[in-house]
Amino acid sequence: MELLPRSPGEFGSARYWDRFFRQRGQRPFEWYGAFPELCPVLHKYVRPRDKVLVVGCGNSELSEQMYDVGMCEDIVNIDISDAVIRQMQERSGSTRPKMSYLLMDMLQMDFPDAHFQVVLDKGMLDALLTDEEEATIAKVDRMFAEISRVLQVGGRYLCVSLAQAHVLKKAVEYFSQEGWVVRIHQVASSGDKQQFVLPVFVYVMTKFRKIPGSAPQILEICPEEQDKPMRMESAERLVAAVKDRQHYALLCSQISKTPCREQVSLDLCDKDSGKPRYTLHVVDSPSVKPSRDNHFAIFIIPQGRETEWLFGTEEGRRQLAASAGFGRLLTVALHREQQYEGMAGIQAELSGKVMELAPPGLPARQQVPFLSVGGDIGVRTVRHCDTSPLSGEYVVEDVKGDGSCYFRRLIFLRNRNVVQSEARLLAPTPLQGQKKRRKDKKKPSPAEPPGAIDKSYLCCEHHKAMVAGLCLLGGPDALPGELAVLVVGLGGGSLPLFVHDYFSQACVAVVEIDPSMLEVATHWFGFSQGDRMQVHISDGLDYVAKLAAEGTISQSIPAQYDAVMFDVDSKDLTVGMSCPPPAFVEKPFLQKVKSILKPEGVFVLNLVCRDARLKESVLATLRDAFPLLYARRIEGEVNEILFCQPSPEGRRDPAELAARARALEGALRQPGRPWDSSYALADVLQAVHIL
């Protein structure tokens, strides 16, 4: 028995539907959305005294079920198929006397104007709007015009639909331009196996008198039947919001049937603001042998630690999932703009949603554990937010690391998963703590981080490697004497501060293009200028070019430097290299860098490049400009530190470099001066290789 039409156009043919219902017989045909699922939405918009018109009723049980539960009795059903109208009259005529079935074309209805409070359409619009041909659009326009005509002001057109993009776009644009209120409900699934993978939606179009002029459109979406509406700023944004929910449904269907070969990432948004609240990664571990208790787990990443290698990279999450011993691990990152009510609150909020992402084969009623580091959600305190014309939106925040350590971080929100600068915060001494408590006359909050910056600590591994590169400077002494150092890129200022404080005869010039970063470094990261530390607000390209051209800018700035360090990020995220900007590694500019270096000096470059072909091109250009080139990869990161020297005569093997680094480290460890064992300068240079 062939019930499908030969072409989409047959969906509008009475002959096709007569044949369809004769062949199908008495069995009800439901396009999509069973009554129990639709009922919560229909109850909001259909009142017992309403006069309801159901267009394209077919032999669906929807009208009968609405009648039987007392939702509404004054229901008129129409269809163009004589066969189905006679069938439905026989089925309901004696048992539902207030409900009627009429043979009628919805494109040309016989009802008077403003005759109904509700028009209900279950799949009719989807069946009619099969393409975007001119003739099809004309039919849909007639359908909408007729619905508008027979509805009273304040009446509702309820359209049950799968919300294909062209169908939704047409409906939303037509009725919003007519001045109607448009609201889209996503129908909550009953949990049973559905006929369609895509979710079902109900368009609720409420008729208002059209106001002359440009009245504001009211466009809303309700993700689930119990949620309050979210206002959308445009028809395009409303269509996009529906599309997001369709993609999510397809994703859930796919990963519920087969394991993920690649990690899947998605955002769950706040119901009120629409901004991302949770970022989820689905990580499957094929090597884990399934048992009843290790199918699925949720891992809550502590606030502020989402940028760490273990949580912020694919390889790290894969290692985390394997060590946790679960077949599927769902990692959950928390967003800084959101507030959370502890682990229990997050678990209550996510427990229903995460089960939609459960793996195949999860036993029924299986309890899914929520895991975290130390059993809590961490601490994040936003200290400062602002916007820079050059760097965009940025935030300074304090986060709790392992144990009792706190760190202050600078984050550019255009690349929110990358820590731009980081500094460790000092714990107050007992005496300081007593003074503060006496002054405040209240106990400090256990979640309140300390405020002073530990200037002796380098948080970033690439900064440790850049400092170790100073071992390449010639001379018999382990600790160089007078040093002239140029640093391009200030950030929080920890790198130039460390060089200034630990190399007591170093004069450091810092070039920073963004004046906002100087304010941030000064007010939030303990940075300060002085006789041996000067910041110049300038484009690094222009500053170096001027130095190379003139030989000197002022008496306080030397013509040549012992060390030039580039730690400058690119503002263009479309390039496969985020540090430095491409112009900083073009050959003419590198020749200028070389010209301001002393013959035995060193140029240290922080390179962050994910594009393998581009990286090889950059390295080739560096080799052309500098005869001697060392490289040091930063473990677990994309960063690679390049040490470039203008003369090949200073070439040393890694063992010799490590020995010099060990001697330098010993010289820097002065009594009363803090030194962290993690610096291990010798280990840094032991791992370099010559390019």
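The values are calculated or read from the model by the stated rules, or taken from the named source; none is laboratory data. Computed from a predicted model, the values in this text were never measured in an experiment. Here the Cβ is made from the backbone with ideal geometry for all residues, glycine too, and neighbour counts use every protein chain on show. Accessible surface areas use protein heavy atoms only, side chains included; no ligands, DNA or RNA. Shrake-Rupley method; radii C 1.70, N 1.55, O 1.52, S 1.80 Å.
Here is a check on your reading of the model: is Ser94 touching a Pro at 6+ places or on another chain (Cβ under 8 Å) and either surrounded by 14 or more Cβ atoms within 10 Å (Cβ to Cβ) or at pLDDT below 90 (or both)?
Values: touching a Pro at 6+ places or on another chain (Cβ under 8 Å): no; either surrounded by 14 or more Cβ atoms within 10 Å (Cβ to Cβ) or at pLDDT below 90 (or both): yes.
Spelling it out, it is not the case that Ser94 is touching a Pro at 6+ places or on another chain (Cβ under 8 Å) and either surrounded by 14 or more Cβ atoms within 10 Å (Cβ to Cβ) or at pLDDT below 90 (or both).
Restricting attention to region 138-150, does a residue exist that is out of contact with any His (no Cβ under 9 Å at 6 or more places or on another chain), free of Cβ contacts under 8 Å to residues at least 40 places away in the same chain and among the small types (Gly, Ala, Ser)?
Yes.
State all residues of region 375-396 that are part of a loop (DSSP other than H, G, I, E, B) and farther than 14 Å from Arg336 by Cα; if no residue qualifies, say none. Lay out the reasoning, then the answer.
So in region 375-396, the residues part of a loop (DSSP other than H, G, I, E, B) come out as 375-379, 389-391.
Passing the criteria: Gly375, Asp376, Pro389, Leu390, Ser391.
Could you tell me which residue of region 153-178 is farthest from Val119 (Cα to Cα), considering only residues that are more than 39 Å from the chain's Cα centre (by Cα) and open to solvent by less than 60 Å² (accessible area, probe 1.4 Å)?
Initially, region 153-178 is screened for residues more than 39 Å from the chain's Cα centre (by Cα), giving 153-155.
From the residues that got through so far, the ones that are open to solvent by less than 60 Å² (accessible area, probe 1.4 Å) too are 154-155.
Numbers: Gly154: 12, Gly155: 8 Å.
So the residue we want is Gly154.
Would you point out the residue of region 622-639, among those that are surrounded by fewer than 20 Cβ atoms within 10 Å (Cβ to Cβ) and among the charged types (D, E, K, R), that is farthest from Arg317 (Cα to Cα)?
Asp624
List the residue pairs whose Cβ atoms are under 6 Å apart, where the first residue sits in region 586-614 and is in the same structural domain as Glu637 (by the TED database), the second is among the acidic types (Asp, Glu) and open to solvent by less than 80 Å² (accessible area, probe 1.4 Å), and the two are 6 or more positions apart or on different chains.
These pairs meet every condition: Lys598/Asp562; Gly601/Asp562; Asn606/Asp567; Leu607/Glu640.
Taking into account only those residues within region 112-134 that are closer than 12 Å to Val202 by Cα and assigned to a strand (DSSP E or B), which is most open to solvent (accessible area, probe 1.4 Å)?
Lys122
Quick check on this structure: which one of Pro449, Pro476, Pro480, Pro444 is open to solvent by 20 Å² or more (accessible area, probe 1.4 Å), at pLDDT below 90, outside the structural domain of Cys644 (by the TED database) and not small (Gly, Ala, Ser)? Talk me through it step by step, then tell me what you get.
Details: Pro449 fails: open to solvent by 20 Å² or more (accessible area, probe 1.4 Å); Pro476 fails: outside the structural domain of Cys644 (by the TED database); Pro480 fails: outside the structural domain of Cys644 (by the TED database).
Result of the check over Pro449, Pro476, Pro480, Pro444: Pro444.
Please give the number of the condition Trp309 fails out of (1) modelled with pLDDT under 85; (2) over 21 Å from Glu635 (Cβ atoms).
It is condition (2) that Trp309 fails.
Out of the residues in region 185-206 that are among the aliphatic types (A, V, I, L, M) and modelled with pLDDT of 95 or more, state the one that is surrounded by the most Cβ atoms within 10 Å (Cβ to Cβ). Walk me through it before giving the result.
Taking region 185-206 first, the residues among the aliphatic types (A, V, I, L, M) are 187-188, 197-198, 200, 202, 204-205.
Restricting the remaining residues to those that are modelled with pLDDT of 95 or more gives 204-205.
Details: Val204: 21, Met205: 25.
Step by step, filter region 185-206, then rank; the result is Met205.
Looking at region 43-57, I want the residues that are without any contact (Cβ under 8 Å) to a residue 40 or more places away in the chain and have a partner that is open to solvent by 10 Å² or more (accessible area, probe 1.4 Å) with Cβ atoms under 7 Å, at least 6 apart or on another chain. Which pairs are those?
Taking only residues 6 or more apart or on different chains, the pairs are Pro48/Gly70.
Could you tell me whether Leu53 is at pLDDT 95 or above and not in a loop (DSSP other than H, G, I, E, B)? Spell out the reasoning first.
Values: at pLDDT 95 or above: yes; not in a loop (DSSP other than H, G, I, E, B): yes.
Taking the combined requirement at face value, the residue satisfies it.
Any chance you could count how many residues in region 269-291 are within 16 Å of the chain's Cα centre (by Cα) and among the aliphatic types (A, V, I, L, M)? First the steps, then the outcome.
Residues of region 269-291 within 16 Å of the chain's Cα centre (by Cα): 269-271, 273-282.
The next check asks that each one be among the aliphatic types (A, V, I, L, M); those that pass are 280, 282.
Looking only at that region, the number is 2.
Anything in region 397-411 that is in contact with a Lys or Arg (Cβ under 9 Å, 6 or more places away or on another chain) and part of a strand (DSSP E or B)? List them, or say none.
Selection gives Glu397, Asp398, Val399, Lys400, Tyr406, Phe407, Arg408, Ile411.
What number goes with the only condition from (1) of a type outside the set (A, V, I, L, M); (2) without any contact (Cβ under 8 Å) to a residue 24 or more places away in the chain; (3) under 29 Å from Gln246 (Cβ atoms) that Arg86 does not pass?
Only one criterion is unmet by Arg86, namely (3).
Spot the failing condition for Val288; the list is (1) of a type outside the set (Gly, Ala, Ser); (2) within 18 Å of Val399 (Cβ to Cβ); (3) out of contact with any helix residue (DSSP H, G or I) (no Cβ under 6 Å at 6 or more places or on another chain), and only one is missed.
(2) is the only condition that Val288 fails.
For the subset of region 294-314 comprising residues that are outside any helix (DSSP H, G or I) and free of Cβ contacts under 8 Å to residues at least 60 places away in the same chain, which member is most open to solvent (accessible area, probe 1.4 Å)? Outline the logic, then answer.
Initial filter on region 294-314 (outside any helix (DSSP H, G or I)): 294-308, 313.
Going one step further and asking which of them are free of Cβ contacts under 8 Å to residues at least 60 places away in the same chain, we end up with 294, 308.
Numbers: Asn294: 22, Glu308: 54 Å².
Per the stated criteria, the residue is Glu308.
Listed here are the residues, each with its yes/no results for (1) assigned to a helix (DSSP H, G or I); (2) under 26 Å from Glu649 (Cα atoms).
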| position | (1), (2) |
| --- | --- |
| Ala465 | yes, yes |
| Gly469 | yes, yes |
| Gly481 | no, yes |
| Phe498 | yes, no |
| Asp501 | yes, no |
| Ser504 | no, no |
| Ala509 | no, no |
| Met517 | yes, no |
| Thr522 | yes, no |
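Could you run through region 251-273 and say how many residues are open to solvent by 80 Å² or more (accessible area, probe 1.4 Å) and over 24 Å from Glu337 (Cβ atoms)?
The number of residues fulfilling the criteria is 5.
Select from region 325-373 the residues that are in contact with a Pro (Cβ under 9 Å, 6 or more places away or on another chain), more than 22 Å from Arg292 (Cβ to Cβ) and assigned to a strand (DSSP E or B) and list them in ascending order.
Looking only at region 325-373, we keep the residues that are in contact with a Pro (Cβ under 9 Å, 6 or more places away or on another chain), and these are 326-328, 334-335, 337-338, 359-361, 372-373.
Checking the rest, the ones that are also more than 22 Å from Arg292 (Cβ to Cβ) come to 334-335, 337-338, 372-373.
Passing the criteria: Leu334, Ser372.
Could you run through region 556-574 and say how many residues are open to solvent by 20 Å² or more (accessible area, probe 1.4 Å) and modelled with pLDDT under 80?
So the answer is 7.
Taking region 557-593 only, how many residues are closer than 19 Å to Val419 by Cβ and part of a strand (DSSP E or B)?
Looking only at that region, the number is 5.
List pairs: first in region 165-182 and part of a helix (DSSP H, G or I), second among the charged types (D, E, K, R) and surrounded by 18 or more Cβ atoms within 10 Å (Cβ to Cβ), Cβ under 8 Å, 6+ apart or cross-chain?
Pairs that qualify, where the first residue is part of a helix (DSSP H, G or I) and the partner is among the charged types (D, E, K, R) and surrounded by 18 or more Cβ atoms within 10 Å (Cβ to Cβ), are Val167/Asp126.
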